[in-house]
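A quick write-up on the structure given underneath.
The values are calculated or read from the model by the stated rules, or taken from the named source; none is laboratory data. In this text, all values refer to a predicted model and were calculated from it rather than measured experimentally. Cβ atoms come from the backbone with ideal geometry, glycine included; neighbour counts cover every protein chain shown.
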Amino acid sequence: MNKFFALLIQYKFLIIALFIAISGFGYKAYQDIPVDAFPDITPKQVVIYTESSGNSAEDIEKLITYPIEAAMSGLPGVKMILSNSIFGLSYVSIFFEDEYDTYLLRQLVTERLNTVDIPKGWGTPVMGPNTTGLGQVLWYALKDEKHTYTSSQLRQMHEYAVTPLFKSVDGVEEVISWGGYEKQYEVLIDPVRLQNVDVTYNEIIQALEKSNQSVGGQYLEFNREQYLIRGHGLYQSMDDIRNTVIRTKDAKAVTIADVATVQEGKAPRFGAVSVDGKERVFGMVLQRSGTNAAKVVEKLKEKMSVVDAALPEGVSIDIIYDRTEITHKAVSTMTSALLTGSVLVAIVLFLFLFELRSAFIVILSLPISLLIAFLMMQQYGISANLMSLSGLAIAIGMIVDGTIVVVENSFRLLQENPTASRAEVIAQATAEVAKPVLFALLIIAVVFIPLLSLEGLAGKLYSPMALDIVFVMLGSLAVALLLVPVLSYMMLKQGNQTHSPLMSAIKSFYTPLLVLALKHAKKIISITFLIFFVLAALLSQQGREFMPKLNEETIMYRVIAIPGTALTQSVENAQAIENFILKTYPKEVLSVLSMIGRSEKGETAQPNYMEVLLTLNPEFKEIPALDKEMTKKLKEKFNFL
């Protein structure tokens, strides 16, 4: 063992270079690993939704949902299939075992989806975005400062200007439009005029479909030149629709204008968004599964200048919710805890060792061990979040245990052997404590390994924390037994050194106390057991919660009105709630957002359902009391809640 540590000291610069390189890779990993508030605990799933406009839930269940469920039930790794059939929509969620690759699962689902036979005209099944339940990274609304545009025009701006630009950002999977109205051209058929010209509905539909086309006709050669042939028949205006020929009767063309009125209208919608008492066009950005939420939002904000340039004057993007705010708060909380712990450890070490060089070596082991842990986190795909970083915070004091033992023993032997070879003294000092250090740190790491056996939701929550503790303890072990002997050889002085007055005072106080305790060993053990049982009883009365509470400075209410409530009525209800909250709590509440019903991207909420999000003043801290008071007042004020 002595020879091994002597060899390390002999190649000291190589060892230092190795740890510098590892620290560099660790710092790069620290910058690259995904950052989030919580670990992603959502199950691995693929969603299939089918828009079937105007069809009943019963028919959709039989003709769309059931065939899709039957086709997907035989896929490998399927745990469960849940479906929801509502008016105009089939929604199927397929849950898989976590060990399967997401992209492989989506490929398998696509292959099976091609075999599903859906009746013509009943919609086309579409896979939902490759995201998770925590994929919503940015909410925003279009703001028309001069009130010059209609909700349909704002919706068009979002669909054709904002959405393509945001979807071009790396890490963005989908941009959902919600609120406003989708523009459509309506052909309102007059049954009386239709009967007069003896034309059927099917003939009108076929005429509209066939006329709104562009076709290619190859090319012609004429006078040694080549001319490309193109039939451009796409509608350019409503007059083009009116002039569409349905058929010829008595040598006269029967057009759409002869049997119907053509006008610009609004497509049926299934949801709306209101902000501070006014309807708005709302956008929601979903990040791709496995990407870094903080970096995605950062890139989206960089894209804002391009988006603003694409929008007309007076229209801008108003950010409502930014996921990085809570993420940065969570990560900064843990980072602050790590830094505070490191500073306290440094102060305690200096007071006990009373030697700056020794304290410096021990303190240096902290960041290096943490960087090694970050490097291993990246390799195992663990994100930086409250749970995983809490593992590092828990281990902050244990990280330096091995280093302290090696440094203290080296420091002591150097004092006792002022004339001996420094390399031999350091090698001997490290060899003496190598086994105790190895077993001590491994035992600490092994204690947390049972957490890795947890399955399901608990496993996803606590496994990253346990792995991080194991990683950082392995890193501290490598630092203590490989790097610290080299640093001790290069930095510690040989010969008599000044002893810590604090340590001397503690020894003078502790020694007689220890002797007294040994004389009354049975009493001490009895008192210890008594204290243990008292504390265990108190612990059983302690409150428990599954996850820590985060203060996002928001309150969200889920409001469910009477089934069958029309969307228009739900919008009025939402705006009444918003105006009441803003009027009653002007100092506490900054803004109120209501999301009513669903968007057109496969959500299943009905028009009687809404989510009301309150953005609170950061200076206001009594959130639980406000929540309780506000809930009571809302129920008293509104009878539809």
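Couple of notes before you dig in:
- Any hit, region 73-81, residues being in a strand (DSSP E or B) and either hydroxyl-bearing (Ser, Thr, Tyr) or over 30 Å from Met465 (Cβ atoms) (or both): yes
- Region 1-39, subset surrounded by fewer than 17 Cβ atoms within 10 Å (Cβ to Cβ) and in a loop (DSSP other than H, G, I, E, B), residue modelled with the lowest pLDDT: Met1
- Some residue of region 194-201 being on the phi > 0 side of the Ramachandran plot and in contact (Cβ under 8 Å) with a residue 12 or more places away in the chain: yes
- Selection from region 209-237 of residues that are touching a Phe, Trp or Tyr at 6+ places or on another chain (Cβ under 8 Å) and of a type in the set (A, V, I, L, M): Leu220, Leu228, Ile229
- Qualifying residues in region 86-95 (those that are at pLDDT 90 or above and buried (at least 24 other Cβ atoms within 10 Å of the Cβ)) - the one nearest to Ser53 (Cα to Cα): Ser90
- Here Phe166 meets each of (1) surrounded by 13 or more Cβ atoms within 10 Å (Cβ to Cβ); (2) among the aromatic types (Phe, Trp, Tyr); (3) over 30 Å from Val306 (Cα atoms) with one exception, condition (3).
- Restricted to region 220-253, and to residues there that are in contact with an Asp or Glu (Cβ under 9 Å, 6 or more places away or on another chain) and assigned to a strand (DSSP E or B), the residue that is surrounded by the most Cβ atoms within 10 Å (Cβ to Cβ) is Ile246.
- Residue within region 300-320 that is in a helix (DSSP H, G or I), among the β-branched types (Val, Ile, Thr) and either in the same structural domain as Ala574 (by TED's automatic domain parsing) or in contact (Cβ under 8 Å) with a residue 12 or more places away in the chain (or both) present: yes
- Test: Met398 is modelled with pLDDT of 85 or more, assigned to a helix (DSSP H, G or I) and in contact with a helix residue (DSSP H, G or I) (Cβ under 8 Å, 6 or more places away or on another chain): no
- Selection within region 569-589 - touching a strand residue (DSSP E or B) at 6+ places or on another chain (Cβ under 7 Å) and either of a type in the set (Ser, Thr, Tyr) or surrounded by fewer than 16 Cβ atoms within 10 Å (Cβ to Cβ) (or both): Ser570
- Residues that are farther than 30 Å from Gly128 by Cα and among the β-branched types (Val, Ile, Thr) within region 245-298 comprise Val245, Ile246, Thr248, Val254, Thr255, Ile256, Val259, Thr261, Val262, listed in sequence order.
- The residue of region 607-624 that is surrounded by the most Cβ atoms within 10 Å (Cβ to Cβ), among those that are polar (S, T, N, Q) and either part of a loop (DSSP other than H, G, I, E, B) or touching a Lys or Arg at 6+ places or on another chain (Cβ under 6 Å) (or both), is Asn608.
- Going through (1) over 17 Å from Ile33 (Cα atoms); (2) small (Gly, Ala, Ser); (3) part of a helix (DSSP H, G or I) one by one, Ser388 falls short only on (1).
- Of all residues in region 493-521, those that are over 20 Å from Leu414 (Cα atoms) and of a type in the set (Gly, Ala, Ser) have Cβ atoms under 6 Å from Cβ atoms of residues that are at pLDDT 85 or above and surrounded by 10 or more Cβ atoms within 10 Å (Cβ to Cβ), 6 or more apart or on another chain, in Ala517/Ile524.
- Residue satisfying all of: in region 104-161; crowded, with 17+ Cβ neighbours inside 10 Å and among the β-branched types (Val, Ile, Thr); modelled with the lowest pLDDT among these: Thr132
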